Amino acid sequence: MTADVSLEPIAPHHAEDVQRLASDPDVVATTNLPEPYPENGAAAWIAYVMPKHEAGEEYAFAIRKANGPLVGVCGLVGVTEEVAELGFWIGKPFWNCGYATAAGRETVRFAFETVGINRVFARPLECTAPSRRVLEKLGFAFKHTETHENP
Ligand SMILES: CC(C)(COP(=O)(O)OP(=O)(O)OC[C@H]1O[C@@H](n2cnc3c(N)ncnc32)[C@H](O)[C@@H]1OP(=O)(O)O)[C@@H](O)C(=O)NCCC(=O)NCCS
């Protein structure tokens, strides 16, 4: 399935939609978003990430369905001259419509062509079959499994 999306650098006017979609327990359960999602979480995250986006240290985008609503968020973290980590989540009402694949493809293109790095990796949780499927569709190759211990 090919979806038509546009990516907008994250900005304060996205906070209300991000807050509503990120507050869904089914979304936070499989991401590194805080659980429960804090009341002012979206506005605080946007204030944190905007200067990093400007400085080229991280990139965060609102994913907008063509001429439609905000459906999720994607971006790059840990950006160096050579490598960055891809991340994304989609609001539950919009799952399985191809949005993560389309947004991920645009973000990888942005990483290679605009930022100029030469490697992008991702670290989906083992339990997240859909996100691993998205990465497969984007051409990512499986490397290894990492184990994390709770602090
Ligand atoms: C994972 C997530 C980003 C996928 O977004 P999406 O827009 O629904 O993804 P797409 O529609 O582009 O693709 C989903 C693919 O997973 C497949 N899929 C869905 N449920 C599946 C399951 N239980 N097992 C295997 N594949 C599954 C879909 O069929 C589709 O593949 P296809 O195109 O070959 O049919 C979204 O579900 C999400 O945000 N989930 C919660 C948070 C999360 O897991 N984030 C990822 C952290 S890295």
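The values are calculated or read from the model by the stated rules, or taken from the named source; none is laboratory data. Everything quoted here is computed from the prediction, not taken from an experiment. Backbone-built Cβ (ideal geometry, glycine too); neighbour counts: all protein chains shown.
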- Name every residue in segment 123-140 that is modelled with pLDDT of 95 or more and either part of a loop (DSSP other than H, G, I, E, B) or of a type in the set (Val, Ile, Thr) (or both), in order of residue number. VAL134, LEU138, GLY139, PHE140
- Query: Which one is surrounded by the fewest Cβ atoms within 10 Å (Cβ to Cβ) among residues in segment 66-83 that are under 19 Å from LEU33 (Cβ atoms) and more than 8 Å from the ligand (Cβ to nearest atom)?
  - Reply: GLY78
- The residue from GLU57, GLU85, GLU146 that alone is farther than 21 Å from GLU8 by Cα, without any contact (Cβ under 8 Å) to a residue 40 or more places away in the chain and of a type in the set (Asp, Glu) is GLU146
- What about PRO25, is it more than 14 Å from the ligand (Cβ to nearest atom) and farther than 22 Å from VAL120 by Cβ? no
- Task: Identify all residues within segment 71-97 that are within 12 Å of the chain's Cα centre (by Cα) and among the aliphatic types (A, V, I, L, M); write none if there are none.
- Result: VAL71, VAL73, LEU76, VAL77, LEU86, ILE90
- Query: Just for segment 86-135: of the residues that are among the charged types (D, E, K, R) and under 23 Å from THR2 (Cα atoms), which one is farthest from the ligand (Cβ to nearest atom)?
  - Reply: GLU113
- Query: What number of residues within segment 28-53 satisfy the criterion of being under 17 Å from the mean Cα position of the chain (by Cα) and either among the β-branched types (Val, Ile, Thr) or away from the ligand (no atom under 14 Å from the Cβ) (or both)?
  - Reply: 15
- So which of ASN32, ASN40 ends up being of a type in the set (S, T, N, Q) and more than 26 Å from GLU126 (Cα to Cα)? ASN40
- Query: So how many residues does segment 20-73 have that are closer than 20 Å to ASP4 by Cα and aliphatic (A, V, I, L, M)?
  - Reply: 8
- Does segment 110-122 contain any residue that is over 27 Å from HIS144 (Cβ atoms) and assigned to a loop (DSSP other than H, G, I, E, B)? no
